[in-house]
Each structure stands twice: as C-alpha cells, then as structure tokens.
1. Describe numerically, in nm with one decimal, the distance between label points set 7 Å from Cα along Cα→Cβ at residue B:692 and at residue B:619.
2. So how do A:159-165, A:272-278 stack up, highest first, on mean other-Cβ count within 10 Å?
3. Which semi-axis lengths, in whole Å and largest first, follow from the square roots of five times the eigenvalues of the Cα gyration tensor of segment B:707-770?
4. Using amide H atoms built in the peptide plane, which far-off residues or other-chain residues are under 5 Å from residue A:346 H to H?
5. For A:11-18, what's the mean count of beta carbons from other chains sitting within 10 Å of each residue's beta carbon?
6. Calculate the FRET efficiency for residue A:31 and residue B:109 from the Cβ-Cβ distance with a Förster distance of 35 Å, rounded to the nearest 0.05.
7. Order these peptides, A:314-323, B:55-64, A:209-218, by their mean beta-carbon neighbour count within 10 angstrom, highest first.
8. Relative to a virtual label point 7 Å from the Cα of residue B:909 in the Cα→beta-carbon direction, which members of segment B:836-873 show backbone nitrogen distances below 14 Å?
Amino acid sequence: MAKKVRLKPRGRQTDSRDKNILSDLINPDPNRRDLLIEYLHVIQDKFGRISKSQITALAELMKLSMSEVYETASFYHHFEIIESSEEEKNQPQFQVRVCDSLTCQMYGSSKLKKGIDLLSGSNYKTHNVSCVGRCDKAPVAVVGKNTIEYATPTNVDRAVKNKEIKPAQINPISLDDYLKSGGYSTFKKCLANKLHRNDIIEILKNSNLKGLGGAGFPAGLKWEIVSKQKKSPLLVVNIDEGEPGTFKDKYYLETEPHTFLEGMMIASWVIKSKHNYIYLRDEYHACLDMLHSEIDKLSRYFGAELPIIEIRRGAGAYICGEESAMIESIEGKRGMPRQRPPYIAERGLFAKPTLAHNMETLYWVRDIIEKGSDWFANHGRRGSKGLRSFSVSGRVKNPGVHLAPAGISVMELIDEYCGGMLDGHKLYGFFPGGASGGILSAEHKDEPLDFGTLNKTGCFIGSAAIIVLSDKDKARDYALNAMKFFVRESCGQCTPCRVGTEKATMLMQSKSWDKNLLKDISTVMRDASICGLGQAAANPLDSVLKFFKHEIE
Amino acid sequence: MIKEKTPIKFTLNGKEIAASPDSRLLDIIETEGFQIPHLCFNSNYRADGNCRSCVVEISGEKTLAPSCCRRPENGMEVYTHSERAESARKMVLEMLGSDTKSDQATKKNHELRDWSEKLEIKNSRLPTNIDKRIDDSNPAIAVNYEECIKCTRCIRACREAQANDVIGFAFRGKESRIVFDLDDNMGASTCVSCGECVQACPTNALISKTELTQKKQKVEKTNSVCPYCGVGCLLTFNTSNNKIFSVTGRDGPSNQSRLCVKGRYGFDYIHHKDRLTSPLIRRPEARKTKEIIPQESINDTFRVGTWDEALDIAAENLKNIYSKYGSKALAGLGCAKGSNEEAYLFQKLIRTAFKTNNVDHCTRLCHASSVSAMLEMLGSAAVSNQVSDVKNTEVIIVIGAKPSVNHPVAATFIKNVIKDSKADLILMDPYRSDLARHSKYYLQFRPDTDVLLLNAIMHTIIKEGIHDTDFIEQRTEEFDKLKECVKEYEPEKISAICGIDPETIKNVARLYGKAKRALIFWGMGVSQHTHGTDNARCLISLALLCGHIGKEGSGIHPLRGQNNVQGASDSGLIPMVYPNYQSVTDHGVRKKFEKLWGQELDSNVGLTVIEIAEKAFEKKLKGLYIMGENPAMSDPNLNFTREALSRLDFMVVQDIFFTETAGFADIILPASAFAEKDGTFTNTDRRVQLGRKAVDPPGEAKQDIWIIQELAKRLGLDWQYTSVEDVFNELRQTNETIGGITWNMLNEKDSVTYPYTSNSKQSEPILFSESFPTRSGKATFVPAKFQKANELPDKEFPFVFITGRHLEHWHTGSMTSRSEVLNELEPEPTVSLNPEDIKELNINASSRVSIISRRGRLDANLRIDPNVQKNTIFMAFCFADSAANLITNEAMDPFGKIPEFKYCAAKILPAN
C-alpha cells in the first residue's frame, strides 16, 4: 500500500482569512458558548450561507470543537451550510421559502411552489418550510426576511428579482404612547415595593391564568415554585410560536409589545430574576428589530432598575418551542428536549431554576393585576374561566386572532367571531390546537374549547389554533401533512418520535391504512417519547383512526 | 465523612425496595433479577435515555419512564412488565431493527440483535429506510451507517470520556446521524483513532477492522497492561491460536476502560515478520562502521546460531574483556520497556558479574533532570499525586508536555475536569497542543526560557504576598535564597525574552497562587535541556512556595514516558543507585547489598547513557550488554553515537527486532515482547501493575528473564530463580517502598499503589502529607538562575530544532513502525514548520527539505503546522529513515546528565 505522508495536522485546519473575517465581523467571545447560534445568524445574514471553512474558523475562535459547532448549525433549518464559499457563488444571498403547513396546503402551497420554480428557472431555489405564522393570509412565502401573504408565483418572483427582502413595517404602540396611557405603572409599583410578591402570586392564582403556549399549567403556581428555589432564578420568554395554525403571539407582539414586556418585568421582579431571555422565532423578523429598539428605549428609561434582557433568535426549529429544547437552544446547542426530572423550575437554563413562559401568558399579567383576578376569571363559557386568543384559519370568512371566552364551542367561534364558514363550505372537522392537537369532526362542533375539556376525544386545544376543514377537505390529507411536519421538526433524539413519525408518514400514504401497525406506532410515540412533540405527534393520525375511519378504508 | 443518604422506599413490581436516592432504576431492576433491554445506556458513560428501550411504567405518570435515567423516589410504584411497558419496549426494538441491517457475522457483541432475540422480535413489520453508506477511510475503524441506531454512545465516548470531541450528532429528525467533525470522512477528520467509540458501540456500526476480518474461532482473554506509555492502562488481550487479534480497555485505576490508538491498535507488532526468532552471530568478516545495517541485509552480517552457541560466545567475550581491561571497560544498558524483574536482574548482573555500576537506561534521556531536582529538594523522585487526582484540584498547570500525544489517556482525565468546569488549565509550551483549546491561559513561551518565566511567576507570587507562609515556615528550608534569587525576575523585565506579556504572567501567578489546590504536570519539554534540572527546580519551588504539595489535589507530577521508566529506575537501573535510590557510594548501603548478593561491589558511581557512548568512542569502554535499548536512534548526535558503538570490541543486544543498534552487535539474542511474558510494571502514578503472558514468543525467541539468567550462569553467577515471582520477591526485599506488595495481591488486584511497605500494609496515593523524606523532614528551596541553551541559533543556523514524539509512535519506533494501523496513520518522517516561516523561506509547502545542524543533516517532508512556534522546527525522533537525533546536541545537564534534545540550532534548505 502506498504510504500517505501526513503533511498537516489531523483534520481541517483553520483558514487564516476566514479567521480574520469572522474576528472582524463578530469578534466571538470564547466564554459565551451560548451565543453560538447568534454568531451563526450573523454569518448566515451576511453571506446568505455558512461555509464549512467558516465553521472551522468559528470553532477555533470560540474554543469549541468543529463537531460542536457543526451539529448545532446543521440542526437549524435557517442555516444553510455549504462545502466552500466558492460554491454557489451566483446564488442570491437569501433564501426563498414556501410554507407547506396545514392552512397553506389548503390554499395551494404545492401549486405555489411549482409555479415559483417554473418562473425562477435555475436562478434561485425554493425550499419548503413549516408554518411561518401567517395562516390567516395563506398561502405564504418568505423571500429573505420579507413575508409575502396571499403569495402567488408572480408576486414572489417579483420580490426575488427586486431583492425585496426586508420585513414589512409593523406599527406597534410605542413606549411613549404606552407610558402616556399609564403603561408600566404596575411595574413601577413593584419597583417601589408598593406591591407584594406573594399578593401578585395570589392574584394570578385566583385569575385562573394558565400557560397559553399550550400546556395550560397555572401561571401563579409556576411563579410560586420558582420563587421557592434556593438558587437565584432566570426568566425565559417563549415566543417561538411555531405550532401550525398559531399566530396569536405575533399578533400581540406586533400590536402591544409593552403590555407583554411589562408582564415580563413584573414576573422577573416577583421571582427576583436579574436576567431575562426572550426567545423569538426567527420568522418574526420585524418583531426582532422592534423588540431590540423598544428594549433599548426601556433600558434608557428604567436604567439600572431594568433586569438584563437578552433577545435570542430561533433558527427554524419548531421543537425549540418546547421549553427545555428552547433552553438548550439559548445555551447555544441543538434544540433537543431534556429528560425530566429535573424540571426546569428546579434546574433549567444554565442549570439554574428557570421560569419559562409563553409570551401571551405574560401579556395578560398587567391587566389581571390592574383589573383584578375576577376580571379575567369571570370570562368563560360552560364552566371554563378566562379568555383565549384563538388563531383561526381555514375555511372561514374572517380568519385571524379572535379573543373569546374559554369554553366557547367551535361553532360559536365560527359564527360569532369569524363571520361563519366560507360560502359553499360546510364544517367537516377542525384542528382544535394546531397540528399536535388532533382533528375533531363536525360532530364535536359544540364541545367546549379549553384546557382539558377535549381529553376524552384524545385531542387538546394547546395554543388554541383552530384550523377549520370543510366538506371540500379530507382529514387524512391534513393528518398526513401534520405527520410530515413532525418528521421535519422531530429533533431526532428518541427512537419513538424519530422513527415513528417517519414510518407513520410512509404508511399513511397508502390508500388503505394498516390500522394495527399505525396504532402500535402511535402508542409507543405517546407512551415513550421524551417530549410533548413525540407524545402528541400521533394525535391527528389517531383522530383519523377514530373519527374519519371512512376515509381510510 | 460523607453522610449516608437516607434510603428511598419504593415498590418494584409490587415488592418493597429500599435503595439509595442516587441509584439508578435500571440497576435496581437488574439486581432484582428482572431483565429489560437497554441500548443507549452503558455504565461507562452518562445515561442519556434516548433509545427508550428500557422504559418502565411508574404509577401516576402520564408517560413511561426510561429506567436508565430515573432514580427511585419515596412511594414510587414501578412496574417493569406491565403490558404497556413491554409493548413499548418491543416496539422500540422493532423500530430500531427496521432501519438497520446486520447480516455481517461479526464477532462483536451486538446488543440490538441480542435483545431482539431475547424479546423474540422477528422481522420488522415497518417499512425500512436504511442508510447504506460505509466509511472505511480510517485505517483502524470502519463506520457502517446501516447498523447505526443513533444511540449516541459513541458521541459520549468521544466527547465526554476521551474528550476528543470529534464525533457529533448532526442534522435533525430522521436525517440526524453521527458525523466526524464537519461530516468529514473519519479518516480525514481530527479523529485520533482511540477506538473508544468502537468499544462503546452496541452494534457493528463502529467496528475495528481487525474484528471485521476475524473469522469465528475460540477467543481467549488475558488481562494485562498496555505495553506503551507511562499511563499504564489496564487492558485485555483477545487471542486465538496464539495470536492477538484485538485489545479491549479494562477498568483500571489509571484508565477506566479507556485506551489510546497505540494501546488499542498497536498490538500487532508482536506478530510482525521482522521478529527475531533465533540467536544471531556476527560474521567475522562483517566490519563495523557507523553506517546503519538495513533489515534486508541481516544475513550478510549475521548468521543464525543456537542459543548455547550465542550465549557461550557472549559470555566468553565479556569475560575476556573483564579479565583484560577490568570492570571499567564494561557496561550495560537496560530498558524502561521491560519489567521490574528484568530491570532488577539486569542491574544485578552488571553489578555482580561485571562488578561495575556502569548500568543505565533511557530514564537518562527522559526525566533524569527531574529526578535529580526532586531528590535534591524533596528527597524523593516519585510523583507526589496521581493523575486521577485532577478531579480534586482547582488549577492544573501543564508545562513542557503534550499529554494528549504522549499520555493520551491521562490527558482525557485532565480534559474531563476542565470540560466539567471543575478546574482551570494553564498550559505552558512552545507548541500549541490541543490542550490549548481547553486552557484558561495558554502561554506559548519561547523555547529555553522556562526558568525566566517560572521565576517571574514566583516573583509575582512573593511580591503580591500570595505565597503560603505557614507552609514555607513549617515544611521548607532556604526560602530566603529563593526570594533573593527571583527578586530580579520582574515580569516586565523578562516579558520580551520569553514572549509572554507581563499581565498574563501575573494572572497565571495569581490563579495558581490563590488556588486552594493545584497540580503541576510536566514532561520532557522541561527536562530535556542543559538546564533541565533548573527547570524542574523552579517547578518544585513554585509548588512549595504556594503549599501546593502534600495534599489531595495538590502536588507535582513529572509525566513518565515509558511504561516502566518509573519501575526500572526504582529497581536500580541507574549508575548512582541501587534499587530504591540507595546510593552506591554509601558504605552502609553497599554492605547491605553485598550481603544480599553475596559478593563485593563497586563503590564508584557508574557511567550514564551518554558517558557510555563517550567512553566507547574513546575506546576506553570495550564491552556492552544492551537489553531493549536503541541508542543508535535515541541518543543525541547519532553520528557520534553510532561511531562510538562501532568502536566497541564486543556488544550483545537482546531485543525483539533487528534495531538500528542491533546492527552494531556481535551477538543478537531474540527476546520476548510484552504480551509474551509475566512481570510487574510501575506506571507514572506509582502503581505496580501485573502484565500477564497472552501468547508464546515466536520461534526460538525467549523470555528476557531466562536470557539474563542463562548469561549470568555463564558469567559465573549462581542464580536460582524459578519464576518471575521469585525475582519479584527478592526485588521487594531491596525496595521497602513496595515491600508489602505480594505477588498474590497483584494477581488479585492487578494494580497496587506504592508506597506500600511491609509495615504500613497500605497504599499512599499522596506523598509528603506529613513530611519529606529528607534528613530534616523538610523540603529545600533550590533557586535557579536563567541560563541559555548550549547552542543558540545564529546567522548560519537560525532555527531552533526541537524533537518530540507523535501520537502513533513510541520511542524509536521499533515497535510502532511495525504496527500496520499505526504505521498507516503516521508512516513517514516529517518536519513541522509554522506556515509563516514556510512563506518567508519561500519554499513549497509540500516539498522535501533538508535540516542541517553542526552535527548532521537529514531530509524529510515538510508539514505545515500552525501550532509550531515561529522560528522553531519540530520533529519526532521515531523515524529511522530520517533520524532526528542526527541533528540534536549531546550537551548535557550537569546534574541529571540528560542531553539537550529540546534545543539546538539548525537551518532548513530545500532538499536536492
């Protein structure tokens, strides 16, 4: 055998040019591994791609191993890794993404993609992506950071050619206006110790405010548990809104960011957290810039009294909406959920006790404290308490975010808030809680929609994303779409979810389903997956087996 | 004392159990006699709970729980065999089986297949999707993705155990899979081929190629020790038909089942066709010159003889020299690779048959200077703390050492504590090794300036008053001398010379000085200088100054190079001392040994390695007996050494290969390799460990103990050792520090730390906790002033030439260059140069160059290595084709008599 002389040390070596470029561009801090994803964003934003040579250099600058950087970068779909920067030089420095999740599929996303591909020739490539949170304006495509609602091949192609890649302007209530209308007076009372921490916790408990990200855990109780931990806690806000069909957080963020920020700061004060993290899904580009500038203003306004607030960008991973995966992601790692116990309230971000909240939950805190727990709890129908922000999309006349009493039925929601079904469409079924909440048939039209009320059907309302199907739709098509979504979004860590989602997708494509085998897959996913994604991913599949049997026989 | 935790009471399948809160459900389940599968869990690594094959049902919990990750809680009701739990586990195995393929009848344990068989899972009902790629780019290891179940055991092995950080878990969901670096081929990655991933893998996804080709046959296992470096990893030789085909790491105190590439894949040298299998006798017409005789021309120079013939000729010639020229004309060079028993017998033979103390071995070339400084200042030359003590420390200094190359498994334990943020690392070395990435401070100081740098650190510590005055007062002497000496070494003053900015020097001084516990590890970057003893003195002073010695997590540790360099030294293979460092010039000591050995002994200190060569060159030394050493490669200034060897009247070489040195011999005796004999070996941690015979020596090759005895007999010595154990028992009479260790104890425990005296009957892992073994019981500060190296770069020879080692090769390469895997990984000599130097020299980056010093020249390929400091050349000394020691300087440290391998002047030219 010919001997191969080793003419350099083992493995890839850093290119000093890349090292210099990255030093100038990001000047990475080797003691801040948690910023790895932020650094990757800077490279991706600047070059439109991340080359392996850049990863090698970044690893050296951050004193990380190459594999640590690579496994993180390759986990997130918004990072496009290429072999060398010479490659694909002529490609545009931004991505063109077409949403293919539930509502967009309903509104012709596959035709849209084909149409764009036809127009683009080979000048640019399109990628399918999961829900980008504009389901009320489906179908949707994203050019760079510019989200195009009611997308057509023509308007997408025009945006690409004109390099219209900036996010559309949003016009939220500014800090000045918020202050003028009495904003932050409750937080100021906290700072002045005019309110008591325990009282606030009591108010929250009595209000019946629950975690509105989908888990429905009582907020007051959560604050209490975290407050009792010995180590000083951290606060993490989850705005990784990614459940297909959900866009309520975006709605509140784009309109009233300070109501949420005040809630966050009150929570931070109550649990005595000095460091808050806001994890924002990368698709909400306009919100990112807005949050940065509003928080800058806040820190000028409050000075040292404001806790440290760090905004972290997600990078295209639904799983990071799962709180422990989000924590991993904030730590700069792959978004893989953690085993529990320990619960994150005891040992969360950076191994510290952590209060993690969905953004909307915090949004209600100020009003509940100011107006009293009863004000919130008195809303509700059929025995449920409180308000729910339903993201409604699909076959209704007025899709959008509709604030309605908890316990409302889907029929009431459609009729009272959404202007009824689209003309010529009849209610056939609906997703009560995004892709993971399962699918109910029209016979469930009068069931109350709230946490726990749908247990007997195997479904849940989760983030209250209602996708309405009509007699023009087949449930199995959407169950398959949901399962494909979970294949794409499963982190790949545990066997039931990684293998189960994929196998189920394969089996669900045949005309008549192997019901026993699919049932076995769904059972092991539900029973033995590490996190909620895997445990719930089979819900739409189970729903079809239960409520839409006629479609699969 | 750790308080016993209150046991947890819970029920398992209805039975009440009390268990520690830290215990693992899976372990309890197995102890209770229930069998459930587990694949991603392996007790050597952190439980990850990803495969879900060990899930159990816990009452009141919505989902099943992975028993590998869960701990018992009071009142918990656990059911292992509920229908739900059983069917989930079966389904998980079915799922894993559906995406993997394993028709290959490989001999490795296949945990997925075994569990699937146990649970009677036949063909998977699921559609399959098999990743068919195979990566066989690594010479030692094959990656079969079609067998990978993504359990990440290999990642935990690579990242969390070995801390090599090569394997990662990339991509997402069904696309997720293990990758090497940036999804590179394993062979093109930074992988160091330690094989831990193979040992960890529960299927055949990662498999040693030697196992792939192995047909099914009866396997025998022999528990033994690794033959390579001083770390002393315990391992198992897997043999069949008198052949080793693989090696498995064993849970030894120094390795916890880990091995490095040499230990795991470097075993095949013992079956190499080049093995000497019969005694060789030099043909009378074969003249000796300084030229090396190549392996192919053995028969031109030597003829095969019988053992009797060879031994008779050897004895007769040595006796003749003795009677004609006296003891002074004879010497012996023993070996740090052999056992304690071999070392002991060898020095006894030289001292009793030749009646001279002219006996030395390669410790002279490694840590002689460290030893002289330690004996002088502390009264003992042993490491004060073991490597495993890193888990108890706050700050670790590694200076003049590349442990991840030369003590790879020890390095993993250092990296483990750094990665777990349990300690900070300060690395000081002109070469930027991979430890730099893990260090809090990396000081790439200029070669030769150790004393400057260390004195400046001590200067800062004293100036800022962070030295340990109580310790200095109670445990040391002559502090004033040190204080006076380091006064002038202000960081600002010396900064420009050693190339480290003053603030860094001060920060390092503060970090080390203020730590509650700190350890110093050093290697030959410290010792192999003409001021090697001074370098070591500074390090010892630094430890004494801060009281960082004599307690858990605090101490000093010169990393011993070869597997038994500690033991060979302890056993008296040194010209100044008998076993256990008892001086040959001490009348009382000598009388004791004269009584034991039954004859009069030489009262003069003998010759050291380099002095032996010098005397041979001057033709004052006539006869030499060499066991296992290879001075024609390992000595400095080889042109001189080889000439010297050629001038000897008579030389016997006992070795397993025809080494470069053997070519100068008159008689060559074919000896046994490590795995062919029993014996004790002492690692760098002072652990005496038992090596056991796994296979027979080839042909007529004999065990070294037998050879030494046969020669002794013919030299008129009446030795009656019937076993290795006999020799060990005599050895421990002469060395009280191991006096309490018995052969049976070693057989039972495999590894015993000394001191373990016949009185104390217990090991002392930490030395000097009460006092130092000096007359006063105190340690002495010995200050050192900065001195320059013997030969400095100048206009003609502008570069500093530094020698060292490669991960894959050991010593002079006589063994490792005959290992297929190791040789394929690192086959050819190269000289490493910084890319900026290459640019300035205007030479082609992948060209051949000539290295020239005042003593010699060599040609080799250029290796671009940004880790090499500018203006220095690095070269490993293991390649016979381009022997680095042709260039090196034989100038010696006056105390340790160690040559300056780490510094001489050289120039580089494009090769012709």
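All of the numbers you see were taken from the coordinates with simple rules; none came from a lab. If you're wondering where the values come from, they're calculated on a predicted model, not measured in any experiment. Glycine gets a Cβ as well: all are built from the backbone with ideal geometry, and neighbour counts include every protein chain shown.
1. Spacing of the two 7 Å Cα→Cβ label points: 5.4 nm.
2. A:272-278, A:159-165
3. Each semi-axis is the square root of five times an eigenvalue, giving 29, 13, 9 Å.
4. Under 5 Å from the amide H of residue A:346: A:354.
5. Taking the mean over all residues of the peptide, I get 3.
6. After rounding, the FRET efficiency stands at 0.25.
7. Most protected by this proxy first, the peptides run A:314-323, A:209-218, B:55-64.
8. Within reach of a label on residue B:909: B:849-860.
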